[in-house]
Amino acid sequence: MSDHSYVVSVRWTGDRGSGTSGYRDYGRDHVVSATGKHDLAGSADPTFRGDRDRWNPEELVVAALAQCHMLSYLHVAVQQGFTVVAYEDRATASLNLNRDGSGELTETTLHPVVTIREADRVEDAAAAHAEANRLCFIARSVAFPVHHEPEIRVLAGDSSAGAAD
């Protein structure tokens with residue numbers, strides 16, 4: 001296996017003419033970029049004087065977890081022989097703030113809704129989330145638990161089941 005590397009640039013665009021002369025004197029706006037890709041408009045969470053219309057770092061971590069899990073899950077589906085025809089997720093996360101001003105994400109829960117073709121594979125499709133989590137590069141890299149509360153649907157609408165790991 002070869003190692004891979006990634007290069008991302010972050011450029012602060014929040015100088016309002018006086019730099020960081022005071023906590024309320026500067027914007028948290030920034031641009032996240034990578035060669036050949038569209039820029040992402042970033043900021044802090046609105047709680048920390050950020051712009052709610054821009055992506056904040058915490059959202060980007062949760063998005064990375066949800067994307068990685070989905071891509072790992074689709075791979076597992078192919079390996080295990082069931083057919084995914086739709087996948088969507090509404091991931092959530094919790095952030096703890098400490099008295100010293102630091103903080104950390106303490107957990108994330110993915111809520112994938114997966115539609116499969118085979119009615120007799122609902123249990124397999126639910127169980128596959130554990131293997132997808134094991135394979136997900138991002139989930140393996142974070143220092144907090146990533147929970148899963150999947151809902152499995154069958155294309156024809158014949159049966160539905162939910163499972164958590």
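The values are calculated or read from the model by the stated rules, or taken from the named source; none is laboratory data. Being a predicted model, the structure only gives us computed values, none of them experimental. Counting neighbours? That spans all protein chains shown, and the Cβs are built from the backbone with ideal geometry, glycine included. Side chains included, ligands, DNA and RNA excluded: accessible areas come from the protein's heavy atoms. Shrake-Rupley method; radii C 1.70, N 1.55, O 1.52, S 1.80 Å.
Give the calculated FRET efficiency between Asp39 and Arg140 to the nearest 0.05, with a Förster radius of 35 Å applied to their Cβ-Cβ distance. Efficiency at R0 = 35 Å is approximately 0.80.
Using a 1.4 Å probe on the protein chains only, how many percent of the accessible area of segment 36-165 belongs to carbon and sulfur? Its accessible area is 50 percent carbon and sulfur atoms.
Taking the Cα centre of the chain as reference, the dipole from Cβ charges on Lys and Arg (+1) and Asp and Glu (-1) amounts to some 540 debye.
Sparse packing (at most 12 other Cβ atoms within 10 Å of the Cβ) combined with a DSSP loop state is found for the following trypsin sites (Lys or Arg not before Pro) in segment 23-63: Arg24, Lys37, Arg52. Pairs of Cα atoms nearer than 8 Å and 6+ residues apart set the relative contact order; for segment 1-103 it is 15 percent.
Averaged over its residues, segment 1-81 has an accessible area of 71 Å² per residue, based on protein heavy atoms and a 1.4 Å probe.
Solvent-accessible surface of protein heavy atoms, probed at 1.4 angstrom with all chains present, puts Phe144, Phe82, Phe48, Phe137 in the order Phe137, Phe48, Phe144, Phe82, largest first.
With a Förster radius of 30 Å applied to the C-beta separation of Glu149 and Arg49, the computed FRET efficiency comes to 0.40. Per-residue ellipticity at 222 nm computed for the chain from its helices equals -8000 deg cm²/dmol, with DSSP H segments shorter than 4 residues left out and the rest contributing -39,500 (n - 2.57). Here's the picture: charge each Lys and Arg Cβ at +1 and each Asp and Glu Cβ at -1 in the chain, and of Gly14, Ala128, Ser33 the one pushed furthest to the positive end of that dipole is Gly14. Label sites at Arg16 and Asp3, each approximated as a point 7 angstrom past Cα along Cα to Cβ, lie 4.3 nm apart.
Among the GluC sites (Glu not before Pro) found in segment 37-142, those both in a DSSP coil and sparsely packed, with 15 or fewer other Cβ atoms within 10 Å of their Cβ, are Glu118. Each of Asp100 and Ala156 was given a label point 7 Å from its Cα along the Cα-to-Cβ line. The distance between the two points is 6.0 nm. Only one residue of Ala64, Thr108, Pro46 has its Cα farthest out toward the positive end of the dipole of the chain, where Lys and Arg carry +1 and Asp and Glu -1 on Cβ, and that residue is Pro46.
Against the chain, whose longest principal axis comes from its Cα atoms, helix 122-135 is set at around 40 degrees.
Compactness of segment 37-81 was expressed as the Cα radius of gyration divided by 2.2 N^0.38 Å, which yields 1.61. Across all Cα pairs in segment 1-155, the calculated P(r) in 10 Å bins from zero up to the longest distance comes to 10, 30, 30, 20, 8, 2, 0 percent per bin.
Note on segment 58-120: Kirkwood hydrodynamic radius from all Cα pairs is 13.4 Å, rounded to one decimal.
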